[in-house]
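One structure is given below, encoded as structure tokens.
The values are calculated or read from the model by the stated rules, or taken from the named source; none is laboratory data. Note that the structure is a prediction, hence the values are computed from the model and not measured. For neighbour counting, all protein chains shown are included, and Cβ atoms are generated from backbone atoms with ideal geometry for every residue, glycine included. All accessible areas refer to the heavy atoms of the entire protein, side chains included, with ligands and DNA or RNA removed. Shrake-Rupley method; radii C 1.70, N 1.55, O 1.52, S 1.80 Å.
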Amino acid sequence: MPTTRAFVAQSATSPLSAGIIDRREPGPHDVEIDILYCGVCHSDLHTARGEWPGIVFPVVPGHEILGRVSRVGREVKGFKPGELAAVGCVVDSCRSCRNCRDDLEQYCDAGPTWTYNSLDKHLPGKMTYGGYSKKVVVDEHFVLHVREQANLAAVAPLLCAGITLWSPLRHWNASPGKRVGIVGLGGLGHMGVKFSHALGARTALFTTSPGKAQDARRLGADEVILSRDEAAMAKQALSFDLIVDTVAAPHNLDPYLNMLKRDGTLVLVGAPSEPHPSPMVWNFLLKRRSLAGSGVGGIRETQEMLDFCADRGIVSDVEVIPMNAIEKAYERMLKSDVKYRFVIDMATL
Ligand code: NAP
Ligand code: ZN
Ligand code: ZN
């Protein structure tokens, strides 16, 4: 069994450290990728620290993977050694249920195989291990094409932060004439501001951090609203078509529901480990509003998003870190001190 170096969380309370993991020999449909960069998602932190149910240790986080193809299986048609390639949050699915047939593999009825902490179909009894590692082997259906460009580190976060905002903004039709709110300016939120602006919607950022207002405008926000300013929040009543909430901690949803117009939608993408307080029913029924959720995105829409970004020159705003700075990065993430995505340079592992 081939092995590769990785950074591993042995338990919810032990800091990540260097280790060795198994990676399968590429099968006929597999692409093997030498990882150059891996983005750091708040989901990595939730998982490495055991904050979500069902986490099996050891864990190797990382699902914003960008690298170069090193080997391909004999049936692989779409990739050649030396090309750029990327992997996001999903590495396998049943490929036959209605969601897989609709190119929404992340909603596979049989359960998608997540890039980390899922049962590995190829290595019985093992879990999948993510991108905090030197190499990964993935079925070509779940590998994305990336165009050659200058700042490759800044492309990696598109694979989770990017697609997680792109998918709901497209599904609920962020476009000219619409007023869209993004809650939280972290990894996901800053991509939401960029995409909502690029899609032509009037874009507002809600933030708890007054110091981020100037950046938010540079990233494409038309307005910045401090979510702890109750008067400023109340002024926004009945004025939004769509609000996408990226916050990684439980909070009161009612102020955001109140801001929706009739038939407006509040989409939750943040995934706190504890539930939000229950919203007031009246806020839904008096204006036929909806509360929804959205999970990453399918492979086809991820490729569409990557191509849109390459055409428009859109990347993530990143701070590149060495592998051994990961715990410090997690601590800064918990203080909302990320500008706006940490990306690990895998040459440092
Ligand atoms: P992040 O970079 O840490 O950003 C989260 C932002 O939320 C912070 O920068 C902060 O923005 C705001 N925030 C944090 N704590 C807050 C609090 N107590 N009250 C109000 N606002 C707070 O995290 P991320 O990587 O973007 O991920 C965000 C969440 O989405 C995580 O729970 C993650 O697991 C989840 N996620 C979901 C999906 C999906 O498929 N749905 C995909 C990826 C990640 P301000 O400083 O601007 O307030
Ligand atoms: Zn993620
Ligand atoms: Zn399926």
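I'd like the full set of residues that are part of a helix (DSSP H, G or I) and small (Gly, Ala, Ser), limited to the stretch 290-322.
Here is the first cut: in the stretch 290-322, the ones part of a helix (DSSP H, G or I) are 299-312.
Scanning the stretch 290-322 gives a single hit, Ala310.
In this structure, does Asn117 turn out to be farther than 17 Å from Asp30 by Cβ, surrounded by fewer than 24 Cβ atoms within 10 Å (Cβ to Cβ), within 16 Å of ligand 2 (Cβ to nearest atom) and not assigned by TED's automatic domain parsing to the domain that holds Leu266? Can you show your working first?
Working: farther than 17 Å from Asp30 by Cβ: yes; surrounded by fewer than 24 Cβ atoms within 10 Å (Cβ to Cβ): yes; within 16 Å of ligand 2 (Cβ to nearest atom): yes; not assigned by TED's automatic domain parsing to the domain that holds Leu266: yes.
Judged against the criteria, Asn117 is a match.
Filtering the stretch 91-116 down to residues that are of a type in the set (A, V, I, L, M) and within 16 Å of ligand 1 (Cβ to nearest atom), which residue is farthest from Ile65 (Cα to Cα)? Quick ask: steps written out before the conclusion?
Residues of the stretch 91-116 that are of a type in the set (A, V, I, L, M), as a first pass: 91, 104, 110.
Filter again for within 16 Å of ligand 1 (Cβ to nearest atom), leaving 91, 104.
Working: Val91: 11, Leu104: 20 Å.
So the residue we want is Leu104.
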Members of the stretch 18-54 found to be surrounded by fewer than 20 Cβ atoms within 10 Å (Cβ to Cβ), of a type in the set (Asp, Glu) and out of contact with any helix residue (DSSP H, G or I) (no Cβ under 8 Å at 6 or more places or on another chain), listed by number: Asp22, Glu25, Asp34
Qualifying positions in the stretch 6-37 - within 16 Å of ligand 1 (Cβ to nearest atom) and either among the polar types (S, T, N, Q) or within 13 Å of Tyr116 (Cα to Cα) (or both): Ala9
Filter result (surrounded by fewer than 19 Cβ atoms within 10 Å (Cβ to Cβ), out of contact with any His (no Cβ under 8 Å at 6 or more places or on another chain) and not basic (Lys, Arg)) within the stretch 128-164: His145, Glu148, Gln149, Ala150, Asn151, Leu152
Positions within the stretch 286-338 being at pLDDT below 95 and over 30 Å from Pro255 (Cα atoms), in sequence order: none
Neighbours by Cβ (under 7 Å, 6+ apart or cross-chain): first from the stretch 3-24, without any contact (Cβ under 8 Å) to a residue 12 or more places away in the chain; second of a type in the set (Val, Ile, Thr): Ser17/Val8
Counted residues, the stretch 55-72 - those being open to solvent by 10 Å² or more (accessible area, probe 1.4 Å) and part of a loop (DSSP other than H, G, I, E, B): 5
The stretch 120-144 - residue that is in a loop (DSSP other than H, G, I, E, B), within 20 Å of Val69 (Cβ to Cβ) and away from ligand 2 (no atom under 16 Å from the Cβ) and, of those, nearest to the chain's Cα centre (by Cα): Val143
Neighbours by Cβ (under 7 Å, 6+ apart or cross-chain): first from the stretch 184-213, open to solvent by less than 30 Å² (accessible area, probe 1.4 Å); second of a type in the set (Phe, Trp, Tyr): Leu185/Tyr340; Gly186/Tyr340; Gly187/Tyr340; His190/Tyr340; Phe195/Trp166
